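Shown next, in structure tokens, is the structure this report addresses.
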Amino acid sequence: MKKVLISYIQHKKNDEFITPPEAVYPLLKYLPKDKIYWECTDDGTSGVTAVLKEKGYKVISTHISKGFDFLKDKPTFKFDIIITNPPFSLKNEFLERAYSLGKPFAFLLPITTLEGKFRGKLFRRYGISLLILDKRINFMKEKKRVWFNSSWFCWKLLPKDLIFEQICSEYCKKED
């Protein structure tokens, strides 16, 4: 485990990972269908956007490579809820920006996002709810082992602060 962590720290940061559908399905039952969702890190390959659209949700997609920087640009479009798998190396900035926009959000982040002074201040000030997934999400199919848990960090979206859900694949596709 120590070697894996050291190797991870030494490598160049790569924050572009596609969210597998099974990570999105457990969240769907908490997402109202009559809202407009903003996937602010979608370059056209977002697994989040794909699942939402497949299930009939309205989604607006933006990405820094397409000319819209979530951290700096002001949205000129209507949206109700922000939903994304943000770059893990920018989680502080994404959380701070989302809170400042004042709209509900759902961010897929490592469970260790609960740690840290800066994020702790944000969570104490604004609050946070978690949809804890029962197994680790494999963002890189060529890797067999995943060494951290990712869960949905939500604000003004879940009915209670802590919810445990199962990651599933096929049976979730059939449910609406």
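Counting heavy atoms of the protein chains only and a 1.4 Å probe, report the per residue accessible area for the stretch 59-145 as a whole number of Å². Could the numbers behind the result be given before it?
Working: 4900 Å² over 87 residues.
Averaged over the residues of the stretch 59-145, the accessible area is 56 Å².
Once you've got the Cα coordinates, tell me which of Lys58/Lys91; Lys35/Lys121; Lys103/Lys135; Lys29/Lys55 are over 23 Å apart.
The pairs that break the limit, which is 23 Å between Cα atoms, are Lys58/Lys91; Lys35/Lys121; Lys103/Lys135.
For Lys156 and Ile64 in the same chain, what is the full-extension length gain: residue separation times 0.36 nm, less their Cα-Cα distance, in nm?
That pair, Lys156 and Ile64, stretches by 30.6 nm at full extension.
The values are calculated or read from the model by the stated rules, or taken from the named source; none is laboratory data. None of these values were measured; they are calculated from a predicted model. For accessibility, only protein heavy atoms count, side chains too; no ligands or nucleic acids. Shrake-Rupley method; radii C 1.70, N 1.55, O 1.52, S 1.80 Å.
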